[in-house]
1. Express the relative contact order of the stretch 143-200 as a whole percentage, based on alpha carbon pairs under 8 Å and six or more residues apart in sequence.
2. What is the sum of charges around ASP232, taking Lys and Arg as +1, Asp and Glu as -1, for the other residues whose C-beta is under 13 Å from the C-beta of ASP232?
3. For the stretch 200-269, what does the alpha-carbon gyration tensor say about shape, rounded, prolate or oblate, given a ≥ b ≥ c as the root eigenvalues, a/c under 1.5 as rounded, and a/b over b/c as prolate?
4. Quick check: from the Cα gyration tensor, does the stretch 2-197 come out rounded (a/c under 1.5), prolate or oblate?
5. Going by how many other beta carbons lie within 10 Å of each one, how would you line up THR239, THR273, fewest first?
6. Given MET71, PRO84, MET136, which one lies farthest toward the positive end of the charge dipole of the stretch 2-197, if we put +1 on the Cβ of every Lys and Arg and -1 on the Cβ of every Asp and Glu?
7. Using alpha-carbon pairs under 8 Å, 6+ residues apart, how would you state the relative contact order of the stretch 52-200 in percent?
8. Below 8 Å, C-alpha to C-alpha, sequence gap of six or more: please give me the relative contact order for the stretch 200-269 in percent.
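Values in this text are rule-based calculations from the coordinates and carry no lab data. Keep in mind it's a predicted model, so treat the numbers as computed, not measured. Because the Cβ atoms are built from the backbone with ideal geometry, glycine has one as well, and the counts that use them run over all protein chains shown.
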Amino acid sequence: MVRKLLSLGLALVLAFSFPLATGAKPATGDIEASWAKENIMSLLDLGIADLYPDGTFRPDQQITRAEFASMLANAFAVDPVDRPSFIDVGGHPAREHILAVAGAGIVEGYPDGTFRPDGRVSRAEAVTAIVRALRMDDIRGYAGASSYSDVPASHWAHDAIETALRLKILPPYLRGSFGPETPATRAEAAAMIDETLKLKIARGSIDYLDETTGTIGVRAGSAIRDYTVDDDTVIYRNTTVAPFSNLRVGDAIYVVTDRFGTPQFVKANGVITREDVATKMNHMTRGLLTPSDLQAIIRGDWDALGDSIKSKIYDELLARGATPVEAAAIMTQDWDSLKNLGKKRLAQVIADQLGITADLAIAVLDRDWQTARELAQAEALEQLLGQILFQAGA
């Protein structure tokens, strides 16, 4: 009897603390003054968001992990890869939604096997989950200063936040600072999800390219549609933010446009080229050398490099004990004269200047693109792990 009463009490608590689809209109004044009124009404009309039993939406209330999971599951119709098990969601009204989005890899539980459905969701966590739902969480390597003073490049959610900003799905009042650890409100969650649903996604392959006009012809089946990119469009090819010129006909492509059809992101994958390697290395070296400089090194075209770069490498060779004759031979990549010694010296100097390993530099000099790409990715991962470990020990 006691167990039944406890179960009934728990059910009542959950019923009055978790939104339920009541079909009622929002209580007068509950969302009328909210900056996200239109977004909230849109999600209510679509059945993505729910009201509380008293007819309120409570836009300024911090959203719980369970509530957010339900919105995500309703909005993105996720197809879970597996069904995780959490020890604390057995009788929760949002259990199925929680398991669905967690199984799809959009949200995560905790190492102790809990989901903590009544816990709060930070803005950084909310944005990261939405970017994952869009399958854009692999975008890395934004150049330039961070858009928010409190989200440096080393922040774990930096790339997701930068992606969301470029997709124009963030609350309009977030300027200068983001507040990544601030708990997200129900209005913020509703607005970001609603704005995300207004985006349009096209998948296919590149049929043709016109760099002069920035036009990409995307083929999907027998249909071809043109997309014209501009300076604000982020182009991402083979795991790296890249210029338009890196794209190739035949690339598999994923285009995300705003509600007006303007491309915000272009993700492409295809055959690895020397331009890909140069772009990747440029990001890894934080722009120390331009892609043109790196491609010139790859080609052995030292005349195309700026005098300051050539002088720096030449002086470094002399400092390492090379004679002027040896240094000159190395700079012209005269391997027949210097055999492997000269090549290794040049690779080590380039590696030191760029902050990469000698193995990666040798792979580039040998034009071994596959090895260079694998090494570049491994080094990027190593740098990321180093940042994580450094921050954890700080």
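1. Across the stretch 143-200, relative contact order equals 37 percent.
2. Neighbour charge sum, excluding ASP232 itself: -2.
3. rounded
4. Oblate shape, in that a/c is at least 1.5 and b/c is the bigger or equal ratio.
5. THR273, THR239
6. PRO84
7. Computed value for the stretch 52-200: 29 percent relative contact order.
8. Contact order relative to length: 35 percent.
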